[in-house]
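A.B. asks: Okay, handing you the structure first.
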Amino acid sequence: LSITACGGSSLEGLAESMLYPFKDVDKKYPVPEVAPEGYKAINLTAIAADNTEMNINGWVYKSSNPNTSRFYIHFHGNGENLQALYQFNFLAKMKEFNSHYLVIDYPGLGRSTGKANEANLVSGALAAIDWENVESPSETLGGPTVDQVADLTPRASPTQRTDGPEMEISAPEG
């Protein structure tokens with residue numbers, strides 16, 4: 001049995017190109033420098049597998065519901081980015097939770113830097129979780145990422161918070 005792939009010289013390269021098919025998503029859905037109205041852009045720093053810094057770009061939505069303290073992070077699926085989530089009204093649907101939420105682009109997608117691979121996706125997700133204590137609904141690529149991050153969150157993560165929304169989120173009184 002032999003396996004070959006165009007543009008890749010290793011089984012690892014083939015697997016990564018199948019698991020992280022990000023090649024065209026940024027061409028189809030370019031992520032703007034400024035977040036859409038009603039969202040605040042944030043930039044997080046995460047440490048890549050090669051010990052370099054990655055910028056993780058995200059958008060934060062603050063619910064107008066004064067009684068909510070719930071905060072979600074959404075880890076999108078394969079072949080998506082922030083603009084795709086916005087353009088296809090997924091973010092509008094998230095507003096129906098009447099909660100605050102953060103969506104991020106994985107390393108190598110949108111305005112996030114770094115290479116898309118398993119270790120870097122987990123590091124980017126940890127940066128988002130370090131940024132806020134959250135509940136995490138997720139999709140195809142997000143599900144395994146959330147599983148790995150959940151296993152890692154009881155210990156210190158290799159990330160640091162560099163930016164965040166200017167908002168306070170507190171539990172309702174009573």
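The values are calculated or read from the model by the stated rules, or taken from the named source; none is laboratory data. Just so it is clear, the structure is predicted and the values come from calculations on it, not from any experiment. All Cβ positions, even for glycine, are placed from backbone atoms using ideal geometry, and neighbour counts span all protein chains on display. To get the accessible areas, we keep the full protein, side chains included, count just its heavy atoms, and leave off ligands, DNA and RNA. Shrake-Rupley method; radii C 1.70, N 1.55, O 1.52, S 1.80 Å.
A.B. asks: Would you please put 77-87, 62-72 in order of how densely packed they are, using the mean number of other Cβ atoms within 10 angstrom per residue and starting with the highest?
C.D. replies: 77-87, 62-72
A.B. asks: From the phi of every residue in the range 99-116, what ³J(HN,Hα) in whole Hz does the Karplus formula 6.51 cos²θ - 1.76 cosθ + 1.60 yield, where θ is phi - 60° and glycine or proline is x?
C.D. replies: Listing the rounded values in order: 9, 7, 7, 10, 10, 10, 9, 5, x, x, 10, x, 9, 7, 9, x, 9, 7 Hz.
A.B. asks: Continuing with the same structure: State the extension gain, in nm to one decimal, for the chain segment bounded by ARG70 and LYS40, taking 0.36 nm per residue of separation less the distance between their alpha-carbons. Intermediate values should be presented prior to the final figure.
C.D. replies: Details: separation 30, 0.36 × 30 = 10.80 nm, distance 1.75 nm.
Net length gain for the segment: 9.1 nm.
A.B. asks: I would also like to ask the following. Hey, any idea what % of the range 77-123's accessible area is carbon plus sulfur with a 1.4 Å probe?
C.D. replies: Reported share for carbon and sulfur atoms: 48 percent.
A.B. asks: So, one more: Need the list of lysines near LYS93 for cross-linking: C-alpha distance under 28 angstrom, and skip anything on the same chain fewer than eight residues off.
C.D. replies: Of all the lysines, those that pass the test against LYS93 - Cα under 28 Å, at least 8 places apart if same chain - are LYS23, LYS27, LYS28, LYS40, LYS62.
A.B. asks: Determine the shape class of the range 16-106: with a ≥ b ≥ c the square roots of the Cα gyration tensor eigenvalues, call it rounded for a/c under 1.5, and otherwise prolate if a/b is greater than b/c, oblate otherwise. Please report the intermediate quantities before stating the final value.
C.D. replies: On the way: a/c = 2.01, a/b = 1.50, b/c = 1.34.
Here the range 16-106 falls in the prolate category.
A.B. asks: For the ranges 95-107, 119-131, 36-48, what's the packing order if you count other beta-carbon atoms within 10 Å of each residue, average per peptide, and put the highest first?
C.D. replies: On the way: 95-107: 20.8, 119-131: 23.9, 36-48: 17.7.
Ranked by mean Cβ neighbours within 10 Å, highest first: 119-131, 95-107, 36-48.
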